[in-house]
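The values are calculated or read from the model by the stated rules, or taken from the named source; none is laboratory data. Every value quoted in this text rests on a predicted model; they were computed, and no experiment measured them. All Cβ positions, glycine included, derive from the backbone under ideal geometry; neighbour counts span all protein chains shown. Heads up: the accessible areas ignore ligands, DNA and RNA and are worked out on the full protein's heavy atoms, side chains in. Shrake-Rupley method; radii C 1.70, N 1.55, O 1.52, S 1.80 Å.
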Amino acid sequence: MASILKVNTLTGVTAAGTIAVTAEGGSTTTNLQQGLGKVWTNFNGSGTVEIRDSFNTSALDDNGTGLYTITFSNAMANDDYATQVTGGESGSDGVSNQIGTIERNGTYSTSQVKVNGHHTDNIADADNQNMFVHVSGDLA
């Protein structure tokens, strides 16, 4: 018989920020907080640059061709978080193989991350129509 658990808050017994969840195989556990995405942003990086949808994102800045800054609503605990960036173009400008990356020579901040859109053929900065940013790590 299936069960439904409805709660507004989960708190670990031994530490408020630690809840272990038994993995699919039953022999290992994963930390619930560590396994959750802390920030994600789906945005249009071409034309009128704007957020399509997001979580824990308070602002998006257009810093020039292919250069963007994502500002977090809630800061990360430190600047050692992991970020994944992808980008793509529909091909309307003749280039359908574009990518997204962390800003070259950039530094991480606890409150924002800078990302780039690129053409893969010459690595030139490009305004990608589709940009996706995901951040994992510890919130402050």
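For L10 paired with T69, estimate the spin-label separation in nm (one decimal), with each label point 7 Å from Cα along the Cα-to-Cβ line.
In this crude spin-label approximation the distance works out to 3.5 nm.
Let me check I've understood the local charge: for D80, count other residues with C-beta under 14 angstrom from its C-beta, Lys and Arg +1, Asp and Glu -1. What total comes out? Present the calculation step by step, with values, prior to reporting the outcome.
Working: positive: K38; negative: D79, D138.
With Lys, Arg at +1 and Asp, Glu at -1, the net is -1.
Could you list the square roots of 5 times each eigenvalue of the Cα gyration tensor of segment 52-91, that is, the equivalent ellipsoid semi-axes, sorted largest first and rounded to whole Å?
Details: eigenvalues 91, 32, 26 Å².
Semi-axes (√(5λ), whole Å): 21, 13, 11.
D for segment 1-69, whole µm²/s, Stokes-Einstein with Kirkwood Rh over alpha-carbon pairs at 10 °C and 1.306 mPa s: what number?
100
Counting only trypsin sites (Lys or Arg not before Pro) that sit in a DSSP loop (anything but H, G, I, E, B) with at most 13 other Cβ atoms within 10 Å, what is the longest stretch of the chain containing none of them?
Segment 7-103 is the longest.
Regarding the chain, what whole-number volume in Å³ per residue does the convex hull of its Cα atoms give?
174
Which value, in Å² and to the nearest 10, is the accessible area of L10 when all protein chains are kept and the probe is 1.4 Å?
Taking all protein chains as shown, L10 has close to 100 Å².
Calculated FRET efficiency, A82 and M1, Cβ-Cβ r, R0 35 Å, to nearest 0.05?
E between A82 and M1, to the nearest 0.05, is 0.35.
Mind grabbing the accessible area of T69 for me, 1.4 Å probe, Å², rounded to tens?
My reading of the accessible area for T69 is about 10 Å².
Quick one: putting +1 on the C-beta of Lys and Arg, -1 on the C-beta of Asp and Glu, what dipole do you get for the chain around its Cα centre, in Debye to the nearest 20?
560
What whole-number value in Å² describes the accessible area per residue of the chain for a 1.4 Å probe?
Normalised by residue count, the accessible surface of the chain is 60 Å².
By how many nm would the segment from D121 to S58 grow when fully extended, if each residue of separation counts as 0.36 nm and the alpha-carbon distance is taken off?
Details: separation 63, 0.36 × 63 = 22.68 nm, distance 3.26 nm.
Contour length minus Cα-Cα distance gives 19.4 nm.
Contact order normalised by length for the chain, with contacts defined as Cα pairs under 8 Å and 6 or more residues apart; what percent is it? Could the numbers behind the result be given before it?
Details: 308 pairs, mean separation 37.1, N = 140.
Reported as a whole number, the value is 27 percent.
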